[in-house]
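Written out below as structure tokens is the structure these notes cover.
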Amino acid sequence: MEQLETLERKTDTKLYCFHCGDETPDETIYIEDKIFCCNGCKTVYEILNNSNLCNYYSIDQNPGITRKHHIKRNYDFLNDTDLKLKLIDFTNGKRTQLTFDIPQMHCSSCIWILENLYKLNAGIISSKVNFLQKKVFISFQDEKTSLKEVVELLDSIGYDPQLNLDNRKEEKIKSGYKNLYYKIGIAGFCFGNIMLLSFPEYLSIDVSGHDELKRIFAYLNILLSLPVFFYSSSYYFISAWKGLKKKFVNIDVPLALGIAVLFLRSIIDIIFMHGAGYLDSLSGLVFFLLIGKLFQNKTYETLNFERNYKSYFPIAVTIQKGKNETTIPVEKLKIGDRLIIRNNELIPADSILIKGNANIDYGFVTGESMPISRVNGEMIYAGGKQIGSAIEVETIKEVSQSYLTQLWNNKAFRKDQEREQESRIVSFANTVSKYFTITILALAVIAALIWHNNSTLAFNAFTAVLIIACPCALALSTPFALGNTLRIFGKNKFYLKNTFIIEKLAAVNTIVFDKTGTITENNSSSVEFIGEELNDDEKTFIKSVVRNSAHPLSAAIFNFIDSKIIKNIDLYDEQPGKGVHAIINGNEIKLGSKIFVTKGLKQFYDDYSTKVFLSINEVTKGYFNITNKYRNGLNETISELEHNYELALLSGDNEGEKEKLRIFFGTDNELHFRQSPQDKLDFILRLQESGKKVLMIGDGLNDAGALKQSDVGISVSDNTNNFSPACDGIMDSKSFYRLKDFIKFSNSSMKIIFSSFILSLVYNIIGLWFAFQGTLSPLIAAILMPVSSISAVVFTTVLTNILAKRRGLI
């Protein structure tokens, strides 16, 4: 391909740069027989060549080509500050993150070069592709490059991003099908006319007296087959060539080989008068392959789980309406809404700080926890987490749920075992697919050798084996089964980070529960203050302090205090597992555990209930006695789970509710009290060291370490902005009673995948059996091949829906 490209350029009267395609004045800058217009293009070529990315130059009519008449666009408008704010997802002056739509993205080679942008521009830190959405997420260093330079780089390699903010996604999807429709139309037109000109052959009409006419028809068929072979089937040849260039035999290799054999055999037969050839089969094969491809794309688009998954993303936000605060789902958030962001809560959309002391942790975005102070009027980007007292912000952008999901899947927050261990099912499917094509090529040769005495049967057997066998069903079963499971879970307000978690959830054998906020209802607690009588100012101080905390006990105290005045906090510090420390108008307030607040005093202390101690200016005033109400369905959930799983409860509280918890958990061995965040993490670690696969259910506040250490960590949310990188999933508190159903359905999903593997294997065995007989024409094989992929997708999707319906999940 490279030699052909070079030859084409040299036969022109002008000289063109091998890299960018621009006209070159002379041949002074070159490498071997490749000419460049400048040292910049020469350097980029060397980078591509050294990084084994030179397949970039071999793509024709696709992104990444060397474009001879590439028009250099002027991107100076990207230096405009207001426009940059609309395009940038995040920046802290040193590091900037962008999300671009790349409609030209179409294959694994596109993904490959887009995820290696850092090799072409030293200022780019990383680039990650979402192929289903045709998006690329780019992070770069401001001191080394700029938004304009990044866009110019993408444009120079053939992936100019969509910068029109008003583009409609539906229009882009339709335009993506345009080229495929053209190829189908041309293949269909040629197929019909070749069949029409071949009627004498079909009907065995004696045309011996019209040999010249027969020869004209044959050559007309060759002429009609050329656009089918060189244009309509080009996708399969390009894909196969790119795979071979990377020394990888992909699934399009046997298809390309089958098409090439049909074409060459037909040309030879017609030219040497051995017969009419197989040009009707060739055109029909390509036509039905493309029809199948279109149908597959439409099927995948219809069943695409990711769109539904994003729309159910589980963040609720607290908004200020007049003097009242209320929570709304994040998808209903509008530009101009006033949000209340408490300690450790996430900012879901780009906003302007209106009130409070903002101390923003952008660890979600950058992977590094380094809080940044912001003052009133300054911008705060989505993904930042407030550390300290509550702040009030006003949104200036709509929430991007796909962006929030990207943050949740940030590699910096992946668990160690997730980094090291690939999904067993995905690994199995990839291994089988890797050797599948080589096996099929060998079987095709064997089939041809079996029928070597009959050239027609040998040819039919060889081509049918190449065409009908396809591992696509094997490769598609896993993403569609697990993707549909994610969608079903999302409908039931159970949101998992990715499909890999489903497999891990099905493998757990031990379940550990946190108590407060997990198995207890946050809005139904009974609160009583025991100690010195509090005056109005003290009540105001207490309510102002607990308003800043997202902890369930703080919420219970906030609702209990009848003061309507909220004061600004001068200092706020919340320590997980201990309590909060604040200063208001020079008064020091402490709320939390006995040791944290009372410094060891015992006059208000007993061991019979959940207590939050209070001190004002180092004087212990008493404690809030909180009686928890346990979640509906807890008893039934625990009863069903204890038959198949080992259970345990971890609590940072004292043993005051031990007797009540025995009703649910039974033996004292399952109950563990006075557990600090580190104690909880160590407990999970000990279970794993003994060979257990642990599911941890917590609230994401005092048990973040345990959630991250566990094999699967699920955070239970009560209309709060609990968005912790430590958890693998978020469960709405109203769906807690369905925990047993979620775990069982995860096991069912894995069984469905293995069943689809068997179905795919049986299909291929039956297809190969008929292909080996030599009775299966290439045309029929072309119709049956996409059927296997579509049947696998439909099988897994429909079966997961049926089982979900039986379990009451849909």
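Brief remarks on what is shown
- Contact map, segment 440-456: residues that are open to solvent by less than 70 Å² (accessible area, probe 1.4 Å) paired with residues that are among the β-branched types (Val, Ile, Thr) and at pLDDT 85 or above, Cβ distance under 6 Å, separation 6+ or inter-chain. No pairs are found.
- Taken over segment 331-372, residues that are open to solvent by less than 10 Å² (accessible area, probe 1.4 Å), more than 11 Å from residue 387 (Cα to Cα), at pLDDT 75 or above and of a type in the set (Val, Ile, Thr) amount to 2.
- Within segment 643-670, restricting attention to residues that are part of a loop (DSSP other than H, G, I, E, B) and open to solvent by less than 80 Å² (accessible area, probe 1.4 Å), the residue that is modelled with the highest pLDDT is 645.
- Scanning segment 488-511 for residues that are within 16 Å of the chain's Cα centre (by Cα) and part of a strand (DSSP E or B) yields 495, 496.
- Exactly one residue out of 732, 711 is modelled with pLDDT of 85 or more and either among the acidic types (Asp, Glu) or in contact with a Lys or Arg (Cβ under 6 Å, 6 or more places away or on another chain) (or both): that is 711.
- Residue 248 vs. criteria in the same structural domain as residue 444 (by TED's automatic domain parsing) and modelled with pLDDT of 75 or more: no
- When residues of segment 769-791 are limited to those that are outside any helix (DSSP H, G or I) and hydroxyl-bearing (Ser, Thr, Tyr), the one modelled with the lowest pLDDT: 777
- Yes/no for residue 402 being outside the structural domain of residue 713 (by TED's automatic domain parsing), modelled with pLDDT under 60, among the hydroxyl-bearing types (Ser, Thr, Tyr) and touching a helix residue (DSSP H, G or I) at 6+ places or on another chain (Cβ under 7 Å): yes
- Residues of segment 129-156 satisfying the condition of being under 20 Å from the mean Cα position of the chain (by Cα) and either free of Cβ contacts under 8 Å to residues at least 60 places away in the same chain or on the phi > 0 side of the Ramachandran plot (or both): 129, 131, 134, 136, 138, 139
- Against the test of being modelled with pLDDT of 85 or more, more than 35 Å from the chain's Cα centre (by Cα) and not aromatic (Phe, Trp, Tyr), the options 588, 640 yield a single qualifying residue, 588.
The values are calculated or read from the model by the stated rules, or taken from the named source; none is laboratory data. Fair warning: this is a prediction, and the values are worked out from it, not measured in the lab. Because the Cβ atoms are built from the backbone with ideal geometry, glycine has one as well, and the counts that use them run over all protein chains shown. Ligands, DNA and RNA are excluded from the accessible area calculation, which covers all protein heavy atoms including side chains. Shrake-Rupley method; radii C 1.70, N 1.55, O 1.52, S 1.80 Å.
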